[in-house]
Amino acid sequence: MKLLQPCIDIQHQKRVDTLPSTCAACATECVTRFFSTKIPYFREVIVMATSCDACGYRNSELKPGGEIPAKGKKTTLIVRNVKDLSRDVIKSDSAAVSVPELELELSSGTLGGIVTTVEGLIVKICEALERVHGFQLGDSTYEWKKKKWDGFTERLAKLLNLEEPWTLILDDALAASFIAPATDSLEDDKQLTIEEYERSWEQNEELGLNDMDTSSADMAYNTTSTS
Ligand SMILES: [Zn+2]
């Protein structure tokens, strides 16, 4: 199943809007197009696609459309082959990403929402980590950090070379992330598991959802109005 295909073929999507924007690469004025599209086994999403005629820069970002799901969703993929690496992935802003084999954990809110592939996601995370680590000469901890980082990139290369199976976990409290099944039916895909879970009060608090729940306010209102 290829989910990014419909984004290119405009006949399959509902055009929502266009907005003038600025190219993130060369700062030339360009246009961002908004589309809403329904992804099978997933939900309606808004795709924001920006392409720059001047430098060829392309970027697509994605926001979940429709209502906020009642439960969070944890998606686990066992990566075994090249096909798994090229599975389409939607990582929303609210998703935490982890790869236990790499001891890699990325908290929600990092990297924003991205539409990519399994391989693309891992590469993007590592590029971001490399920027953060920013090795500088003269740093006394440089050698130690460098060694640790080299070990990490070595293990990463092994995973991307598929020398052994590894696990990609997207834990999304807003259930707005997605890994494409390799089969037409989700049930047939033995490498992909999706678990729904109840969000904790703390998670709802963090997401600002507790404030949106008006039941306690309603109850208070009813109490005062009947007394
Ligand atoms: Zn540009």
Unmet requirement for Arg199, which otherwise passes all of (1) under 23 Å from Gly72 (Cα atoms); (2) outside any loop (DSSP other than H, G, I, E, B); (3) modelled with pLDDT of 85 or more: (2)
Hits in region 57-76 (condition: outside any loop (DSSP other than H, G, I, E, B) and over 21 Å from Ile169 (Cβ atoms)): Arg58, Asn59, Ser60, Glu61, Lys63
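Can you tell me which residue among Ile46, Ile8 is surrounded by 15 or more Cβ atoms within 10 Å (Cβ to Cβ) and either closer than 25 Å to Val118 by Cβ or modelled with pLDDT of 70 or more (or both)? Step through it out loud before you land on a result.
Values: Ile8 fails: surrounded by 15 or more Cβ atoms within 10 Å (Cβ to Cβ).
Within the list Ile46, Ile8, the selection yields Ile46.
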Filter the strands (runs of 3 or more DSSP E) completely within region 86-196 down to those with at least 3 residues that are closer than 23 Å to Phe42 by Cβ. 88-91, 95-99, 114-117, 166-172
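Glu105: over 18 Å from Ile39 (Cβ atoms) and either out of contact with any helix residue (DSSP H, G or I) (no Cβ under 7 Å at 6 or more places or on another chain) or surrounded by 14 or more Cβ atoms within 10 Å (Cβ to Cβ) (or both), yes or no? Please lay out each step first, then the result.
Details: over 18 Å from Ile39 (Cβ atoms): yes; either out of contact with any helix residue (DSSP H, G or I) (no Cβ under 7 Å at 6 or more places or on another chain) or surrounded by 14 or more Cβ atoms within 10 Å (Cβ to Cβ) (or both): yes.
Taking the combined requirement at face value, the residue satisfies it.
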Quick one: in region 54-86, which of the residues that are within 16 Å of the ligand (Cβ to nearest atom) and of a type in the set (Gly, Ala, Ser) is nearest to Ser108 (Cα to Cα)? Ser60
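The values are calculated or read from the model by the stated rules, or taken from the named source; none is laboratory data. Quick caveat, the model's predicted, so the values are computed rather than measured. Every residue, glycine as well, gets a Cβ built from its backbone with ideal geometry; the counts of neighbours run over all protein chains shown.
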